[in-house]
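Taking it in order: structure first as structure tokens, then the write-up.
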Amino acid sequence: MKQLVNACELAVGSLSVGLAVACFAHVTLVRWWTRSWIILRLTPSAVQKPASVRSCDSSVSDFLDAIARDVHSGYSLNLAFVQCAKRFPHLSWWTKPIAEHCVQGKSLAIAISEVGSVTKNADFSLAARTLAVASNGGYGIANTLEKCASILRERSQLINERNAQTAQIRLSTSILSWIPLAICVWILLHQPNTRTSLLNSPIGLLCLLCGMVLNVVGRMWMARIARSSS
């Protein structure tokens, strides 16, 4: 009879926790957790990067467009790069060393090669390679820069769309992985017999350890799936 009562308490506790989470998510989270809010907190790049770095990433295409406009106006590529570097001070950590070499009379390709790779960001790397190739001369320098800027914008848009598509998966994984932990804590606090059997026996400790390992592995697995799909 006592085991039946414990089973009923466990079922009622599990249902109450699930119902509480469902009601809270429906009443509060639906109104507060917008898609942009979820993406901002669940996307690793958005969490790790400060706002200034994210604005720099989005302005690389604008920087290339500004250089292309100056080239269309008749300026040389070196002079256009130096002038645009002054108009984009938030990119000075990347443009200032290159502009200093250009002022010394070196070509843009040589300046970029001497400065070396200052960042591992794919957008800046693509922009640097495009500028180095365009500095070799030829027809359509401005068009090449405009095309690179268009590619960077399309890439950024695709990344944002993929992050939005996987945001629900990451949110569901986060919630579902915390519910078993909450139920386990509730059981350990309210059921002395279960707490004694789990914490004072090797088999119980092994069950707790296996549950924690499976929970962590499940989170890592779902995070890997979300990253591969994005």
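Hey, among Leu181, Leu176, Leu145, Leu171, which residue is at pLDDT 85 or above and of a type in the set (A, V, I, L, M, F, W, C)? Of Leu181, Leu176, Leu145, Leu171, the one residue that is at pLDDT 85 or above and of a type in the set (A, V, I, L, M, F, W, C) is Leu145. When the range 117-168 is filtered for residues that are part of a helix (DSSP H, G or I) and among the charged types (D, E, K, R), the ones remaining, listed by number, are Asp123, Arg129, Glu146, Lys147, Arg153, Glu154, Arg155, Glu161, Arg162. Quick test of your reading of the structure: Ala149 fulfils all but one of (1) assigned by TED's automatic domain parsing to the domain that holds Asp70; (2) free of Cβ contacts under 8 Å to residues at least 40 places away in the same chain. Name the failing condition by number. Against the list (1) assigned by TED's automatic domain parsing to the domain that holds Asp70; (2) free of Cβ contacts under 8 Å to residues at least 40 places away in the same chain, Ala149 comes up short only on (2). For the range 76-99, the count of residues that are over 20 Å from Ser59 (Cβ atoms) and not in a helix (DSSP H, G or I) is at least one. Collect the residues in the range 167-192 that are touching a helix residue (DSSP H, G or I) at 6+ places or on another chain (Cβ under 6 Å) and under 15 Å from Ala223 (Cα atoms), keeping them in residue-number order. Across the range 167-192, the qualifying residues are Ala167, Ile169, Arg170, Leu171, Thr173, Ser177. Would you pick out the residues in the range 84-98 that are at pLDDT 90 or above, within 11 Å of Ile112 (Cβ to Cβ) and of a type in the set (A, V, I, L, M, F, W, C)? Scanning the range 84-98 gives a single hit, Ile98.
Look at (1) surrounded by 13 or more Cβ atoms within 10 Å (Cβ to Cβ); (2) over 21 Å from the mean Cα position of the chain (by Cα); (3) within 30 Å of Ala99 (Cβ to Cβ) and you find that Tyr139 fails only one, number (1).
The values are calculated or read from the model by the stated rules, or taken from the named source; none is laboratory data. Since we're looking at a predicted model, the values are computed, not measured. For neighbour counting, all protein chains shown are included, and Cβ atoms are generated from backbone atoms with ideal geometry for every residue, glycine included.
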